[in-house]
1. Specify which of the listed residues (D166, D242) is within 16 Å of the ligand (Cβ to nearest atom) and over 17 Å from the mean Cα position of the chain (by Cα).
2. Within 15 Å of the ligand (Cβ to nearest atom) and at pLDDT 95 or above - does that describe any residue in the range 117-127?
3. List the strands (runs of 3 or more DSSP E) inside the range 224-272, counting only whole elements, that have at least 2 residues being of a type in the set (D, E).
4. Out of the residues in the range 33-83 that are over 30 Å from S190 (Cα atoms) and among the hydroxyl-bearing types (S, T, Y), state the one that is farthest from the ligand (Cβ to nearest atom).
5. Would you check if there is a residue in the range 382-398 being of a type in the set (D, E, K, R) and within 16 Å of the ligand (Cβ to nearest atom)?
6. On the given criteria, is R214 farther than 27 Å from A421 by Cα and free of Cβ contacts under 8 Å to residues at least 12 places away in the same chain?
7. Tally time: how many residues in the range 395-413 are open to solvent by 50 Å² or more (accessible area, probe 1.4 Å) and not in a loop (DSSP other than H, G, I, E, B)?
8. Does V288 satisfy the condition of being part of a loop (DSSP other than H, G, I, E, B) and either basic (K, R) or open to solvent by 50 Å² or more (accessible area, probe 1.4 Å) (or both)?
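The values are calculated or read from the model by the stated rules, or taken from the named source; none is laboratory data. Bear in mind that the values here come from a model prediction, so they are computed numbers and not experimental data. All Cβ positions, glycine included, derive from the backbone under ideal geometry; neighbour counts span all protein chains shown. For the accessible areas, the whole protein counts, side chains as well, though only heavy atoms, and no ligand, DNA or RNA atoms are used. Shrake-Rupley method; radii C 1.70, N 1.55, O 1.52, S 1.80 Å.
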Amino acid sequence: MGSLIAPFLCGVAVIATPPADEAPERADVEPTAEASTWNRDIAEIVKVRCLGCHRIGGAAPFPLQDHASVANRATFIGDVVESGRMPPWLPLNHGFVGDRRLTALERRALTTWIAAGAPIGAGEPIRLDADPGGAETSKNVLALQMTEAGEIPEESGPAWHRGELDQHGVMLPLENESMHRVRAIRHVTSAPQAIRVASLVFDDTGTGRYLDERDPRVGFLMAADAGVRPSGVDGILLGGGDGLRWPDGFHTEVAPNSDLVAELHYRPTGRIERLQERFELELVPQDVESRPVRWLPVGLFRVAIPAGTRSLLSTPETVVPVDVDLVGLSVRALEICVGVEVVAIDADGVETVLLEIDEWDHHQRETYVLPACRSLARGTRILARFKVDNTASNPANPDSPPVDVRRGRRTGVLLVMLHVAAVEGLSDDALSSFGGDWVRRRGQ
Ligand code: HEC
């Protein structure tokens, strides 16, 4: 048997990093010899790349809707754009859907414009209208809204379960009599500036209900794993992002009588925020064929990272049980994690990078979706390597001075969930119990 991995089925190098370190150029910004102006080029770049979050009522702390709001922060903006901190996007390798990185041309246009003193150009300065998005409602959308509002505290409180700070779980019952096929999920939050990340799991075990009932508040303080299903296994959504959408022809299968359990990761804003989340599930129309997305876990269940140390932790290998198409990856890690790499190793021992992040940010987690053209053959081995930095020089270290980090979690502490679909319909049965069985075996 030749290479077990069919590398470039889409005609482009889907996962491998292209030789240049830049995102592919976008055709709509013409290179020009003239200096950029707000009216001619910059307003459009800001509109496309920043406005989704930097608008009134958006996820970012300030809007960027007119010339002054951008020009007055020009140096700051130059810095975060130069360093790649904005727009938020963690993977280094290319090929994921909705890559937010600026193209080389966009970045150059912005930085030369800033260096030139942020000129407006001819005419009245353009004002950008914020389109909150999601206005088009399809008839196949099922909306779930928390019936009762809860609260996000004004600042971080002590958590009895160490390491679960600034995290709140909520449970939304679907009360579905039959199986649902969900192809996209959108999160509409009541507290856009506080809620950073929502890690989702569809739960038919009653775990979310149990946690919710036990806690007197609306929602609960606890990691929202449901049985053997780690939170995030049905998607991790970044606040201000476009939500999660599987490629055409794929769906998340939601068993009858399920609840949507969301682990919300927030950043306190200094005032009490009302918490009343809404999730919109887009269903696959009945007459459309679609394959269920299952999950393969790769991870570590227990870690011990002494204070003051840095290390590279490798997970055991997960062997892909049947031929699959990889449609996405979700990661959960610790705040002291600084990097993660996920690789596939074929029968010949050739390693291919599936995901590479060298500046992990706990506040910027999300599911990375592939355009469904990446096949992993049965027998492919998957491995993840996590770089952790438990020293005082890691600015993300929540403890100062650093403390020994000893953590165990039945569903994985450092975990990558590969979202995959069986290529052959018959193989789906074998795949559907794989993730849960793996967790059950390892977690004992
Ligand atoms: C997906 C949402 C999103 C997009 C898109 C986005 N930002 Fe941000 N931005 C944020 C959030 C959230 C913060 C607050 C970060 C924090 O407090 O850690 C932020 C903070 C900033 C800051 C302040 C940095 C700091 O250290 O506090 C600047 C400057 C900025 N963004 C510029 C931009 C620019 C310029 C663009 C477009 C090229 C952009 N952002 C696109 C969400 C976004």
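1. It is D166.
2. So far as the range 117-127 goes, yes, one or more of its residues are within 15 Å of the ligand (Cβ to nearest atom) and at pLDDT 95 or above.
3. 259-266
4. T37
5. No, because not a single residue in the range 382-398 is of a type in the set (D, E, K, R) and within 16 Å of the ligand (Cβ to nearest atom).
6. Here the answer is yes, as R214 does meet what is asked.
7. 3
8. Yes; evaluated as a whole, the condition is true for this residue.
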